[in-house]
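In what follows, a single structure is set out as structure tokens and then discussed.
The values are calculated or read from the model by the stated rules, or taken from the named source; none is laboratory data. What you see is a predicted model, and the numbers here were worked out from it, not measured in a lab. Ideal geometry is used to build each Cβ from the backbone, glycine not excepted, and the neighbour counts take in all protein chains shown. Accessible surface is based on the protein model in full, side chains and every heavy atom, while ligands, DNA and RNA are left aside. Shrake-Rupley method; radii C 1.70, N 1.55, O 1.52, S 1.80 Å.
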Amino acid sequence: MRSKLKKLVWEWRIFLVVSPTVAVCVIIANILGCFQLLEWATLEQFFAIRPQKTIDNRILIVTVDEEDIIKSGKPIIPDGILASAIKKISANNPAAIGMDFYRDLPVEPGHQQLVEVMKNTPNLIGVKKLAGETVATSPTLAERDRIALSDLIYDSDGKVRRALLTIEGEKGEFYEGLATRLSLIYLESKGIKLEQVNDSESILKLGKAIFTPLQKNQEFNYGAANVGGYQIFLDFHGYKEKFNTVKLRDLLVNIVPAEKIRDRIVLIGSIAPSSNDFHYVGYRDKWNHENERMEGIIVHANIVSQILNAAIDGKPLLRGWSRLSAWLWVLCWSIIGSGVSLYLLKTRVSRKTIPGLLAVGIIFIIVTIVACSYTGFILGWWIPSVSPILALLLSAIATTIFDKQTQLEFANNQMQEYLRTLEQKVNERTQELATAKSIADVANQAKSEFLANMSHELRTPLNGILGYAQILQRSQSISDGERNGVSIIHECGSHLLTLINDILDLSKIEARKLELQNSNFHFHSFLTGIVEICRIRAEQKRISFVVELDSELPVLYFQMKKDCGKF
């Protein structure tokens, strides 16, 4: 069991080393804010591709444009015009009125008229600016505690992505944002009140919504950002086109239907370029559109819409993952990237790798990450996308490199082992050949010695046969037939002697001492000897053997005759 575990660990050592290392590197880079802009850009694209929202009919925006300012004859809308507008709005029973104009100083004519309207309109909320260059609110509204903050929070790239709901001032006073104050007034008219969920008063319940503020060093994408006060992520409803809007001049001439105002939150603010109340926001209405600046009054309307959608309709508030959750998410995809890459690299069909399989697998996983993040976004969660994708890619690349390097090292080790084995086999084969050569030399030497020793033993009896055949040939007491037989015996013996000499000459050939000489021989006698040898064998088998020699055969024939030497 232990050996199997060791083998398994060794086979997957690349996976066990690469995944955590890559995840830690990506997490450190994330803490340093290296991917912050990319994560924000991804969030903007999610806003762009999500289903378009319908117009929020609970909100009405009274816009003041350049034409309204020109008609007023002042660079700033005078107090008297504002007073007339607020009177006409209030006459149609709105739920709340938000005035996004600073009125810390009088703007004549009509200042006293505006003061009276402020006193007699209990659901009118004014604004002040608390951060940066502070701007005080109207003293009349301040005395009646009907002021709110118009401050917006900017990220490091200068865009608005967070909403400031409440904040505590330097002197301990408590301020609500304009959108928060208007939303609470509207919801109270519907019987919905703010409730405390925990003892720290940080988690609050408002209707169907649970509000949890952003906390420093907890949000994965806002580690070092200032999250003072009660901040939430801003889930944009849309630009001006997603709200009911009327122009100030139309309101003043009574052409705005009362139904558009009754029981609604009415915001009055400037959209004129001269007012310079425009802000870059982390939102796009279409994926191929550039970021457009959004009017301040529209930003407040988006915050109001988000609060009402959450409290009344139960739409989830946009929440971000904690750092720990984001780190585990990155580690998870780093492990998946390394594991899938290693598996696909080892996947073979008919012992051949499938080209492009790893790329297809990685692309599929990236699509899965984006789909998970987008699904979470629709459900109200801002899930990191760039960090896990980068961890996935780096893990896949590192795993591939290490795997190829491991294969190369394995092949190199095999080659080295093969070379060592080959050298050993060559040495063994060389020794075998040397041994075989030695044995063959000994055998050849023994054969040569045997033939040399046997030359005398072979020739002596044969010379005796040839000698007595010659004596019998000269004898006068034998018949002609017997004499002919003795001649055949002599010729056969001579041929046999020649064959023996040829065999014995092998030793001379091996010793390279054989010499050839030119000589003539009697061709007719040579053929006769061969014929008689064959005739004897034929007569033994009772076969008639007849030979007719051509009369034109040459008498002598040239041959290369070896010098037999002496044995």
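If you sort Asp199, Asp403 by accessible surface, 1.4 Å probe, largest first, the order is Asp199, Asp403. What is the spin-label model distance, in nm, from Leu105 to Val135 if the labels are put 7 Å beyond Cα along the C-beta direction? Calculated label separation equals 1.2 nm.
Given 20 °C and 1.002 mPa s, compute D for segment 143-245 with the Stokes-Einstein relation, Rh being the Kirkwood radius over Cα pairs; round to the nearest whole µm²/s.
On the way: Rh = 15.4 Å.
Diffusion coefficient, whole number: 140 µm²/s.
For the set Asp277, Asp480, the ranking by accessible area, highest first and with no ligand, DNA or RNA atoms included, is Asp480, Asp277 under a 1.4 Å probe.
Taking every DSSP helix (H) stretch of at least 4 residues in the chain, weighting each as -39,500 (n - 2.57) and dividing the sum by the residue count yields a mean residue ellipticity at 222 nm of -17500 deg cm²/dmol. Heavy-atom accessible area for Thr460, with the other protein chains in place and a 1.4 Å probe, reaches approximately 70 Å². When the Cα atoms of segment 362-497 are aligned to their principal axes, the ranges along those axes come out at 142, 32, 12 Å in descending order.
Please state, as a whole number in µm²/s, the translational diffusion coefficient that the Stokes-Einstein equation yields for segment 44-167 at 20 °C and 1.002 mPa s, with Rh defined as the Kirkwood radius across alpha carbon pairs.
D = 129 µm²/s.
Given (i) 185, 55, 41; (ii) 186, 60, 45; (iii) 143, 88, 75, which label gives Cα extents along the principal axes in Å as computed from the coordinates? The calculated read-out lines up with (i). With R₀ fixed at 56 Å, the C-beta to C-beta distance from Arg293 to Leu419 puts the FRET efficiency at about 0.20. Mind pulling the angle between the C-alpha long axis of helix 2-11 and the longest principal axis of the chain? Nearest 10 degrees, somewhere in 0 to 90. That works out to roughly 80 degrees. Of all beta bridges that DSSP places with both ends in segment 125-229, some 75 percent have antiparallel geometry. With all protein chains present, how much of the accessible area of segment 274-402 (probe radius 1.4 Å) comes from carbon and sulfur, to the nearest whole percent? The computed percentage sits at 68. Under 19 Å from a label point set 7 Å out along the Cα-to-Cβ vector of Ala142, the amide N atoms of segment 159-199 belong to 167-178.
On average, how much accessible surface per residue is there in segment 216-367, in Å², for a 1.4 Å probe, leaving out ligands, DNA and RNA?
So segment 216-367 comes to 47 Å² accessible per residue, rounded to a whole number.
With 24 Å as the limit on Cα-Cα distance, the pairs of Lys88/Lys119; Lys129/Lys159; Lys286/Lys315; Lys119/Lys240; Lys129/Lys315; Lys128/Lys242 that go past it are Lys119/Lys240; Lys129/Lys315; Lys128/Lys242. By the compact-protein rule of thumb, 2.2 N^0.38 Å, the alpha-carbon radius of gyration of segment 250-333 corresponds to a ratio of 1.59.
Per residue, what accessible area does segment 34-94 have, given a 1.4 Å probe and all protein chains present, in Å²? Show your work: numbers first, answer last.
Working: 2620 Å² over 61 residues.
Per-residue accessible area for segment 34-94 comes out at 43 Å².
The ellipsoid that matches the Cα gyration tensor of segment 235-294 has semi-axes, each √(5λ) in whole angstrom, of 26, 15, 10, with the longest given first. Shown is the FRET efficiency for Glu409 and Val24, computed with R0 = 30 Å from the Cβ-Cβ distance and rounded to the nearest 0.05: 0.75. Seen from Lys129, the other residues with C-beta closer than 13 Å to its C-beta sum to a net charge of -3, counting Lys and Arg as +1 and Asp and Glu as -1.
Using C-alpha pairs below 8 Å separated by at least 6 residues, the relative contact order for segment 170-328 is 31 percent. Using a 10 Å Cβ count of at most 11 others and DSSP loop calls, identify the longest part of the chain lacking such trypsin sites (Lys or Arg not before Pro). It works out to 1-170.
Suppose we keep just the DSSP beta bridges with both residues in the chain; what percent of those would be antiparallel, to 5? The antiparallel proportion sits near 55 percent. Under Stokes-Einstein, with the Kirkwood radius over Cα pairs as Rh, the value for segment 240-386 at 37 °C and 0.692 mPa s is 162 µm²/s. Each label was represented as a point 7 Å from its Cα along the Cα-to-Cβ direction; for Glu66 and Leu16 these points are 7.0 nm apart. Within the shell of other residues whose beta carbon sits under 12 angstrom from the beta carbon of Ala272, the net charge comes to -4, with Lys and Arg scored +1 and Asp and Glu -1. In segment 76-233, the convex hull through the Cα atoms has an average projected area of 11.0 nm², a quarter of its surface area.
Extending 7 Å from Cα along the Cβ direction at Glu548 and again at Ser479 yields two label points whose distance is 2.8 nm. Give me the percent of accessible area attributable to carbon and sulfur for segment 1-160, probe 1.4 angstrom. The computed percentage sits at 63.
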